[in-house]
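Q: My questions will all concern the structure given below.
The values are calculated or read from the model by the stated rules, or taken from the named source; none is laboratory data. Just so it is clear, the structure is predicted and the values come from calculations on it, not from any experiment. Please note: Cβ atoms are built from the backbone with ideal geometry, for glycine as well, and neighbour counts cover all protein chains shown. Side chains included, ligands, DNA and RNA excluded: accessible areas come from the protein's heavy atoms. Shrake-Rupley method; radii C 1.70, N 1.55, O 1.52, S 1.80 Å.
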Amino acid sequence: MVLTAFKPTRDIQAATPVLLPLSVTFEHFGTAVSARGFWSFWRNSALVAGGAVLLALVVALLAAFAVARLRWPGRRAFVLMVFTAQMTPWEALLIPVYVIARDTGTLDTLWMLTLVYFMITLPFTIVTLRGFLDAIPADLEEAALVDGCSRAQAFRRVVLPLLAPGLLATSLFGFITAWNEFAFANVLIIKDQDDRTLPVWLSSFSNTFGTDWGATMAASTLFMLPVLLVFLVLQGRVTTGIVGGAVKG
């Protein structure tokens, strides 16, 4: 993808494919950036993905804490329901979600798309944070309670700092899922084209003459960069979070 983005059009369409570009051009990046709506759609994707992840973190943190630390009737059934939701292919819900959005008048709205992405990322976030909470000894909270902290203070001062790697890992993978999602964004945003997200916008380089592969690959490279940069910056903590969240199921 990256190599094709830097290739001149003649090399991309050559009968004999060449892996490394014979010459380098930035023309395709200029085409992608100057295309109508690029920055608006980039903002839409960031708002929708970021909002969904923040909502999922808040709800999943409370749910994971209740599952990992508390004992209550229906706990096992709830955990089974979360695992079932995690295994469900979300594309199977495409038509029901569309019907609900149509009947409630929420088609072509970014907040409806944010809610859908929140629904998609929530089960994974609960499962991962629950495993990470299981790996934190409950004795630490009990010691804080003995020292005079309330349950909320013990969670905020003791558990939450230890959860930081797990929160980073789950938020990053949730963000990637929401950032890359195409099907729901393509179906729920129909009339208001200004509310499209970047994955849907990438198809705009197709026309009656074919696909502008150079511009498509350049736009895809720009689309990939934010997630890649965040991952490289947080790589150490993300790895710790993945391992910590997998200690106990």
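Q: Would you say residue 40 is open to solvent by 40 Å² or more (accessible area, probe 1.4 Å), closer than 23 Å to residue 176 by Cβ, touching a helix residue (DSSP H, G or I) at 6+ places or on another chain (Cβ under 7 Å) and assigned to a helix (DSSP H, G or I)?
A: Taking the combined requirement at face value, the residue satisfies it.
Q: Considering only the range 43-77, how many residues are surrounded by 14 or more Cβ atoms within 10 Å (Cβ to Cβ) and farther than 24 Å from residue 179 by Cβ?
A: Total meeting the criteria: 5.
Q: Continuing with the same structure: Filter the helices (runs of 4 or more DSSP H) completely within the range 91-210 down to those with at least 2 residues that are open to solvent by 70 Å² or more (accessible area, probe 1.4 Å) and among the charged types (D, E, K, R).
A: Where helices (runs of 4 or more DSSP H) fall fully within the range 91-210 and carry at least 2 residues being open to solvent by 70 Å² or more (accessible area, probe 1.4 Å) and among the charged types (D, E, K, R), they are 94-103, 138-146.
Q: Please tell me if residue 2 is at pLDDT 90 or above, β-branched (Val, Ile, Thr) and over 30 Å from residue 127 (Cα atoms).
A: Yes: the conditions hold for residue 2.
Q: Now for a different question. Sort through 31, 25, 16 and tell me the only one that's surrounded by 13 or more Cβ atoms within 10 Å (Cβ to Cβ), at pLDDT below 90 and farther than 27 Å from residue 129 by Cα.
A: One residue alone meets the criteria, 31.
Q: Another question about this same structure. Among the listed residues 72, 39, identify the single one that is more than 30 Å from residue 152 (Cα to Cα) and of a type in the set (Phe, Trp, Tyr).
A: Exactly one of 72, 39 is more than 30 Å from residue 152 (Cα to Cα) and of a type in the set (Phe, Trp, Tyr), namely 39.
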